[in-house]
Amino acid sequence: MPEPRIPHISTNGKTLLTITDSYVDPDFAARYAAAVDEAPYNALYERPAMLALLPPVADRHILDAGCGGGWYAAQLVGRGANVTAIDASAALVEHARRRLSSFLTGDSARLRVRVANLAEPLAFLTDASVDGVVSPLVLHYLEDWRPTLREIRRVLKPGGWLLLSTHHPGADAARFPSSPYYETQLVEDDWKWVGKVKFYRRPLTEIASALTDVGFVIERLVEPRPTEAFRLIDPDAYRRLLQQPEFLIVRARVS
Ligand SMILES: C[S@@+](CC[C@H](N)C(=O)[O-])C[C@H]1O[C@@H](n2cnc3c(N)ncnc32)[C@H](O)[C@@H]1O
């Protein structure tokens with residue numbers, strides 16, 4: 001059976017990005033949505049570290065760029081934000097809509113959830129209409145971050161922020177030793193709890209350059225430590241994470 005793919009995206013006849021992504025497969029999406037909120041690497045490692053860097057969001061318009069099953073969108077709405085949540089996977093958008101149904105209706109709905117590909121222009125958002133963007137564990141599915149970051153910058157207000165997490169380049173380099181560190185390459189991993197996933201590994205320089213090239217200033221760069229709750233659940237993985245971070249978190253602002 002052919003691998004589910006989001007087709008090549010073209011703007012003005014030019015291919016921006018190619019995305020190979022398991023998340024569009026409804027079965028994969030269902031497995032992911034059912035497990036991710038309990039998965040220690042998310043619940044007890046990436047998410048606490050991201051929330052620690054989240055600027056105030058009450059009454060602000062926040063874009064959740066790659067919302068998956070909607071955990072971050074729920075956190076943002078719960079903190080009083082007006083949220084636009086987008087994801088390329090229609091299946092995961094449905095999961096998010098189900099989770100967040102109570103926030104989606106009524107005149108004062110503070111949440112919109114829609115299918116959208118971050119490799120395409122965010123035409124449904126006007127210039128300088130967003131206060132902040134969270135993009136948790138999403139951007140490594142994009143080969144070149146620049147077109148997407150340019151769009152994020154366009155929709156952000158002056159002084160607006162982007163809070164992202166991604167795979168740590170060192171962890172990817174250790175996992176894929178035959179892949180030259182300084183190149184951006186498509187790799188495939190097999191996550192036992194959900195299935196095979198393809199993503200792009202890239203050097204730290206490329207992460208920083210993509211942000212600064214399009215006009216972001218890096219404000220915080222964090223290699224998160226696992227929480228005490230993680231140690232209690234999986235002491236071996238906890239020890240490994242203290243030796244080698246798996247994720248990298250960056251908060252950047254429009255310069
Ligand atoms: C690891 S999941 C993270 C989901 C969510 N941010 C979270 O932390 O729970 C990656 C998400 O990125 C989405 N994604 C991948 N490529 C995308 C693209 N080009 N545009 C929008 N979403 C994309 C996937 O569909 C999936 O929901």
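Every read-out reported here was derived from the displayed coordinates using simple, explicitly stated rules and does not represent laboratory data. What you see is a predicted model; the values in this text were computed from it and never measured. Note: ideal-geometry Cβ built from the backbone for every residue, glycine included; neighbour counts use all protein chains shown.
Grab the other residues whose beta carbon is less than 10 angstrom from that of Asp172, score K and R as +1, D and E as -1, and report the net.
Values: positive: Arg175, Arg201, Arg202; negative: Asp189, Glu246.
That works out to +1.
Considering helices alone, the calculated mean residue ellipticity of the chain at 222 nm is -8500 deg cm²/dmol, with DSSP H runs of length four and up weighted by -39500 (n - 2.57) and normalised per residue.
Work out the length of the dipole vector of the chain about its Cα centre, built from +1 on the beta-carbon of each Lys and Arg and -1 on the beta-carbon of each Asp and Glu, and round it to the nearest 20 debye.
Value, rounded to 20: 480 debye.
For the range 178-184, 3J(HN,Hα) computed residue by residue from phi via the Karplus equation (6.51, -1.76, 1.60; θ = phi - 60°) reads 7, 8, x, 3, 7, 9, 8 Hz, glycine and proline entered as x. When the chain is described by a simple charge dipole with +1 on each Lys and Arg Cβ and -1 on each Asp and Glu Cβ, the residue from Pro224, Pro169, Leu76 located farthest towards its positive end is Leu76. Panel order for Thr166, Thr205, by other beta carbons found within 10 Å of each beta carbon, from fewest to most: Thr205, Thr166. When chymotrypsin sites (Phe, Trp or Tyr not before Pro) are flagged only if DSSP places them in a loop and at most 15 other Cβ atoms lie within 10 Å, the longest unflagged stretch of the chain comes out as 1-123.
A straight Cα-to-Cα reach below 16 Å connects Lys196 with the aspartates and glutamates Glu3, Asp21, Asp25, Asp27, Asp172, Glu188, residues fewer than 8 places away in its own chain not being considered. Exposure here means at most 12 other Cβ atoms within 10 Å; with GluC sites (Glu not before Pro) in a DSSP loop as sites, the longest stretch of the chain lacking them is 39-182.
Near Cys67, the amide H atoms lying under 5 Å from its own belong to Ile86, Asp87; only residues 5 or more places off or on other chains count, and H is placed 1.01 Å from N.
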